[in-house]
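Visitor: The structure is given below, and queries will be raised subsequently.
Just so it is clear, none of the values below were taken in a lab; they were calculated from the coordinates. On a predicted model such as this, the values are computed, not experimentally measured, just so you know.
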C-alpha cells in the first residue's frame with residue numbers, strides 16, 4: 001500500500017483523537033460477519049464476506065435488517081433483537097484487541113492528547129468487547145459514545161461532533177480513526193481530518209471519501225506529527 005501524503009498543516013499534533021471501535025480498537029468484525037453470513041444464509045440470502053463488507057460495514061443492525069430484507073432475506077420481525085442476543089453472546093466468548101492499540105494510546109498519553117470513542121455499535125456492545133480489556137476501557141475514562149444512543153449514527157457527523165464537544169476540543173483540532181467509508185464520511189462532514197484504517201485491503205474505498213489511508217494503528221504517531 002502506498003501511504004497517502006501528509007497534507008500541508010498536518011505536521012502539528014491534534015488535540016484529540018476520536019476512534020471508531022469495531023475493527024479499529026477491537027477485532028470484532030470478522031466474528032460478526034461470520035455469524036451474519038450463517039444467519040442470512042439460513043434466511044435465504046447468501047453473501048460473500050466482501051459483499052457484506054460493501055453493504056453493511058460501519059452501519060447499524062437495524063439498518064442491516066432493512067437492507068437484507070430488501071435483498072430478499074426472509075427475516076422475521078424480531079430478527080434484530082434475536083441477532084443482537086446471538087452476537088453479544090458470541091463476542092463475549094472472546095474479542096481480541098487490534099494490533100497496536102496499547103502502543104498508540106501510550107503515545108497519545110505521553111503527548112497529552114485526549115481521546116474518545118465514537119461507534120455505531122450499541123453501548124452494550126462496546127462494554128462487552130472493550131470490557132474484556134479493562135485496562136484499555138479504563139483509559140477512555142467513560143468517553144465512549146454510541147451513535148445509536150445519541151440518535152445520530154454515522155455518516156451523520158453528529159456522533160463525531162458530540163465526542164469532540166465532550167473532550168472540549170474543536171472539530172478542526174480532532175483526527176478521526178475509522179475503518180469504514182461510513183465513519184470516514186461522517187468525519188468529513190464534521191470537518192475533521194480522518195485516517196482510514198485499512199489492514200486487509202488497499203483502502204481505496206476509504207481514500208474515495210477523502211480519508212488518508214493507513215495500514216496499521218502503529219502508523220498513527222508518525223501521521224499526526226508525534227514521530228518522524
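Visitor: Let me know the Kirkwood hydrodynamic radius for segment 181-228, please, with Cα pairs as the basis and the value in Å to one decimal.
Guide: Roughly 10.9 Å, rounded to one decimal.
Visitor: Two decimals is fine: what is log10 I(q)/I(0) at q = 0.13, 0.27 Å⁻¹ for segment 29-92, from a Debye sum with one equal scatterer on every Cα and no solvent?
Guide: Ignoring solvent entirely, the Cα scatterers give -0.29, -1.46.
Visitor: Starting from the coordinates of the alpha-carbon atoms of the chain, obtain the Kirkwood hydrodynamic radius over all distinct pairs and give the value in Å to one decimal.
Guide: 17.8
Visitor: Hey, what angle do you get for helix 79-92 against the long axis of the chain, alpha-carbon based, 0 to 90 degrees rounded to 10?
Guide: Taking Cα atoms only, the helix is inclined about 60 degrees.
Visitor: Could you state the angle between the C-alpha long axis of helix 101-110 and the longest principal axis of the C-alpha atoms of the chain, as a value from 0 to 90 degrees rounded to the nearest 10?
Guide: It works out to around 30 degrees.
Visitor: To continue, here is another question. With contacts defined as alpha carbon pairs under 8 Å and 6 or more residues apart, what's the relative contact order of segment 29-92 in percent?
Guide: Answer for segment 29-92 is 39 percent.
Visitor: On to the next question. For the chain, what is the percent of antiparallel DSSP beta bridges, rounded to the nearest 5?
Guide: Details: 1 of 20 bridges.
That works out to approximately 5 percent antiparallel.
Visitor: Hey, another quick one. Output needed for segment 139-215: three equivalent-ellipsoid semi-axes, defined as square roots of 5 times the C-alpha gyration tensor eigenvalues, in descending order, whole Å.
Guide: Numbers: eigenvalues 88, 31, 30 Å².
Semi-axes (√(5λ), whole Å): 21, 12, 12.
Visitor: OK, next. Can you tell me the relative contact order of the chain? Whole percent, Cα pairs under 8 Å, sequence separation 6 or more. It would help to have the intermediate numbers written out before the result.
Guide: Details: 373 pairs, mean separation 64.4, N = 228.
In percent, rounded to a whole number, it is 28.
Visitor: Using alpha-carbon positions, what is the distance between the centroids of segment 149-198 and segment 42-106, in Å?
Guide: Segment 149-198 and segment 42-106 have Cα centres separated by 21 Å.
Visitor: Another question about this same structure. Using only Cα atoms and rounding to the nearest 10 degrees, what angle (0 to 90) does helix 29-42 make with the longest principal axis of the chain?
Guide: 20
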